[in-house]
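The structure appears below as structure tokens.
The values are calculated or read from the model by the stated rules, or taken from the named source; none is laboratory data. Quick caveat: nothing in here was measured; it's all calculated off a predicted structure. A quick note on method: Cβ atoms are made from the backbone with ideal geometry, for glycine too, and the neighbour counts reach across all protein chains shown. To get the accessible areas, we keep the full protein, side chains included, count just its heavy atoms, and leave off ligands, DNA and RNA. Shrake-Rupley method; radii C 1.70, N 1.55, O 1.52, S 1.80 Å.
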Amino acid sequence: MSKVVKFGGSSLADAEQFKKVADIIHADPERVYVVPSAPGKRFKDDTKVTDLLYQCYERTITGEDFAKAFAPVRERYDEIIKDLNLDISLDDEFVKIGQDFRNGANRDYAASRGEYLNGILLANYLGYEFVDAAKGIFFDHKGNFDADITNACLGAILEKTPKAVIPGFYGALPDGTIKTFSRGGSDFTGSVVAKAVGASLYENWTDVSGFLVADPRIVENPAGIEVITYSELRELSYMGAGVLHEDAIFPVRSANIPINIKNTNAPEDAGTLIVPTADNDTKYLITGIAGKKDFSVISIEKDRMNSEKGFMRRMLQVLENHEVFPEHMPTGIDTVSVVVNTKELGKGEEREKLVRRLKDVLRPDHFEIIDGLALIAVVGRGMRAKKGTATRVFAALSHADINIRMIDQGSSELNIIVGIDEKDFEKAIKVIYDMFILSEQ
């Protein structure tokens, strides 16, 4: 049995963190495949190595000498080497990176070097083999992740490599050019590696002990989530819960591999276990609460809308043509409300063009765009077939004098989404938490 362990930037920020990581890995002989991020912040006002590399890249495209900007990068790695007493030098790698910058290497290449260099150091420190992600993780000509080729190639490489360090965050295009995932993409790399080797577990080590029921910046000392399903995690991640990259579950979900979110600085904590399925007998009725601001509602009214063939299709086509994508779309017989990200509507003339086109195509009796909406999702498999859940959500908001602008609940009964004024966002999360968690403790 093998486990894949991914460590975030804060877990590998300096030599002391490297030592913690090594202790964690050596404590379990099944932890044989390691995915590192680039060194993160060592203290509050520090700069992540990836951000330093982005600064170097910006210098190269303006024709400036990037050597001064690259110096802090060299210092970070040299300091780790010195403090760990490693018998290794990255000088040749530093020279090659500089040459590649001068030869026009792209932004993704610059960003990926943080993981690449950290992978070399960690492999040396652990006594594991280093496997460059560009040799086993691939994208197609359009820049989309190629899951099938990656799974086959990476699986074949790792089958011959009993213990390996594979840098996170990047892979290669068909021509060998480096391509990165979105920020936080090392989570996805870990998931890809787990699937390729058929791991028994994917451990994602970070600086928190798993997911919390609510944002600790809003709710004081919120309860932790012990077990969460992939579906619940998708709902919470989409609404802003950011411990794990929201796409990281896809590779392992298809292989039924669980994910364990763990804390590098508190390895004894159980963390949060993410599983394909789980029973509905949960500690609390809900699993989590999450939300986001900066939404708008396009409100359209038209008599006999429900009998006008193609109305919704035409509306959605106009929105798509203007690159506006609905988040939710509650409807009535003669009304439809389309919830969208406010930034997609644009400002000034850009928004006016969209409004004119919608009015020309739909001929509504009333049309209005309302800004300043926040969405809050109450998520939990425990809500299924339990009477009164929605009533409790609405009661909590009503007692706090919070007006509900929108309600949406899927047929899976996994979540309830409410739209409220942005000014009530934090208060709403607090009162919902009090209703479902504090009242049940």
Got a number for residues in the stretch 66-94 being assigned to a helix (DSSP H, G or I), open to solvent by 80 Å² or more (accessible area, probe 1.4 Å) and either in contact (Cβ under 8 Å) with a residue 24 or more places away in the chain or more than 18 Å from Y54 (Cβ to Cβ) (or both)? 3
Positions within the stretch 9-39 being surrounded by fewer than 23 Cβ atoms within 10 Å (Cβ to Cβ) and under 21 Å from F181 (Cα atoms), in sequence order: S10
Anything in the stretch 364-383 that is touching a Gly at 6+ places or on another chain (Cβ under 9 Å) and either on the phi > 0 side of the Ramachandran plot or not β-branched (V, I, T) (or both)? List them, or say none. L373, A374, L375, A377, G380
Considering every residue within the stretch 325-338, establish whether at least one is open to solvent by 70 Å² or more (accessible area, probe 1.4 Å) and closer than 22 Å to D365 by Cα. yes
Among the candidates E320, E368, single out the residue that is loosely packed, with under 13 Cβ neighbours inside 10 Å, over 24 Å from the mean Cα position of the chain (by Cα), part of a strand (DSSP E or B) and not aromatic (F, W, Y). E368
The residue that is most open to solvent (accessible area, probe 1.4 Å), considering only those in the stretch 386-400 that are in contact (Cβ under 8 Å) with a residue 24 or more places away in the chain and assigned to a loop (DSSP other than H, G, I, E, B), is K386
Hits in the stretch 129-154 (condition: within 30 Å of D87 (Cα to Cα) and open to solvent by less than 30 Å² (accessible area, probe 1.4 Å)): V131, A133, A134, G136, I137, L154
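Every residue, every condition in (1) closer than 30 Å to D434 by Cβ; (2) open to solvent by 50 Å² or more (accessible area, probe 1.4 Å), yes or no:
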{"site": "L201", "(1), (2)": "no, no"}
{"site": "W205", "(1), (2)": "no, no"}
{"site": "R217", "(1), (2)": "yes, yes"}
{"site": "N260", "(1), (2)": "yes, no"}
{"site": "N263", "(1), (2)": "yes, no"}
{"site": "L285", "(1), (2)": "yes, no"}
Regarding I81, is this residue under 23 Å from I25 (Cα atoms) and modelled with pLDDT of 95 or more? yes
For I178, are the conditions met, namely being open to solvent by less than 40 Å² (accessible area, probe 1.4 Å), at pLDDT 95 or above and within 15 Å of P36 (Cβ to Cβ)? no
Is there a residue being in contact with a Cys (Cβ under 7 Å, 6 or more places away or on another chain) and either of a type in the set (D, E) or farther than 13 Å from R113 by Cα (or both) anywhere in the stretch 64-79? yes
Exactly one condition in (1) in contact with a Phe, Trp or Tyr (Cβ under 9 Å, 6 or more places away or on another chain); (2) touching a residue at least 24 places away in the same chain (Cβ under 8 Å) is not met by D100; state its number. (2)
What about A172, is it among the hydrophobic types (A, V, I, L, M, F, W, C), buried (at least 18 other Cβ atoms within 10 Å of the Cβ) and within 23 Å of T264 (Cα to Cα)? no
Looking at this structure, is G271 buried (at least 18 other Cβ atoms within 10 Å of the Cβ) and on the phi > 0 side of the Ramachandran plot? yes
Subset tally (residues that are crowded, with 17+ Cβ neighbours inside 10 Å, part of a loop (DSSP other than H, G, I, E, B) and either of a type in the set (D, E, K, R) or touching a Pro at 6+ places or on another chain (Cβ under 9 Å) (or both)) for the stretch 243-258: 4
